[in-house]
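Undergrad: Below is a structure I'd like to ask you about.
Quick note: the coordinates plus some simple rules give every number you see, no bench work behind them. No experiment lies behind these values; they were computed from the predicted model shown. Here the Cβ is made from the backbone with ideal geometry for all residues, glycine too, and neighbour counts use every protein chain on show.
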Amino acid sequence: MLHELELPVTVQDDSETLSENVFRRIQAAIVKGEIAPGSKISEPELARTYGISRGPLREAIHRLEGQRLLVRIPHVGARVVSLSQAELIELYEIRESLEGMACRLAAERMTVEEIEELRQVLNTHERDAAFQAGVGYYQQEGDFDFHYRIIQGAGNRTLTQMLCGELYQLVRMYRIQFSVTPNRPRQAFAEHHRILDAIADRDGELAELLMRRHIGASKRNIARHYQDAAKPTATKRGES
């Protein structure tokens, strides 16, 4: 039972392989944007940076391709994924549907203890310095991730494999990227609380509706981002 959540500390276990350690470090750098979307992956450069031989590095790169964080382009090599607007909207459409379902199932299946732990997750988020400053939303992964905990609470292994496995880090990458949108962190936090209240009330229909609206709001935020980015170009064309 988690009585109080604390910030996780990254520690390399003695049994962790060098490839596993490098995989996790590169994964974190990509998800957090420290290695920019679209960047070409240079194996010699990464080998020097992380002090690892090419064999274990290639194993780590292969795993990152499996998570869709890297894409291999013929005659070019591996690059960090950079989804187009259309691809990103499709990803959020999938999230909207599947995470809505997860919420409905979680309202039916989560234990009282699990719901209380989910409240503690939001309490941890509220204390986060970036959130308090209004410049971002808490973005730790796994048990400290509100969405992750709900999906786990749905009790559906196939759904968990899709959303907490295959797509999880790719989704996190874009959640982090767009979490710094002005006013969005506090709006998202309020939406999370309403979703949790519906789950606690065992109102699966409302919980699903609120999650779909929550992810739909994020999807519209992404669309506005691309529209705003296109405005200067349109203006320049009009002036030329």
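Undergrad: Using a Förster distance of 30 angstrom, determine the FRET efficiency expected from the C-beta separation of GLU113 and ARG24, and round it to 0.05.
TA: Efficiency, rounded to the nearest 0.05: 0.55.
Undergrad: Can you give the convex hull volume of the alpha carbon atoms of the range 121-221 per residue, in Å³?
TA: Numbers: hull volume 9.4 nm³, N = 101.
Measuring per residue, one finds 93 Å³ for the Cα hull of the range 121-221.
Undergrad: Quick check: convex hull of the Cα atoms in the range 52-132, volume per residue, rounded to a whole Å³? Could you put the intermediate results ahead of the total?
TA: On the way: hull volume 16.4 nm³, N = 81.
Per residue, the Cα convex hull of the range 52-132 comes to 203 Å³.
Undergrad: Exposed loop sites here are GluC sites (Glu not before Pro) in DSSP loop states with at most 12 other C-beta atoms within 10 Å. What is the longest stretch of the chain lacking them?
TA: Working: sites that count: GLU4, GLU6, GLU16, GLU34.
It works out to 35-240.
Undergrad: From the P(r) of the chain, could you give the percentage of C-alpha pairs in the tail past 26 Å?
TA: Numbers: 12918 of 28680 pairs.
Everything past 26 Å amounts to 45 percent.
Undergrad: In terms of the ratio Rg/(2.2 N^0.38 Å) built on C-alpha atoms, what value belongs to the range 81-125? Please list the in-between numbers first.
TA: Details: Rg = 14.9 Å, N = 45, 2.2 N^0.38 = 9.3 Å.
Rounded to two decimals, the normalised Rg is 1.59.
Undergrad: Follow-up question, since we're still on this one. Ratio of alpha-carbon Rg to the 2.2 N^0.38 Å globular estimate for the range 188-230, to two decimals, please. Don't skip to the end; give the middle numbers.
TA: Details: Rg = 13.0 Å, N = 43, 2.2 N^0.38 = 9.2 Å.
Working it through for the range 188-230, the quotient is 1.42.
Undergrad: Scan the chain and hand back the longest stretch that contains none of the trypsin sites (Lys or Arg not before Pro) lying in DSSP loops with at most 15 other Cβ atoms within 10 Å.
TA: No qualifying site falls inside 33-201, the longest such stretch.
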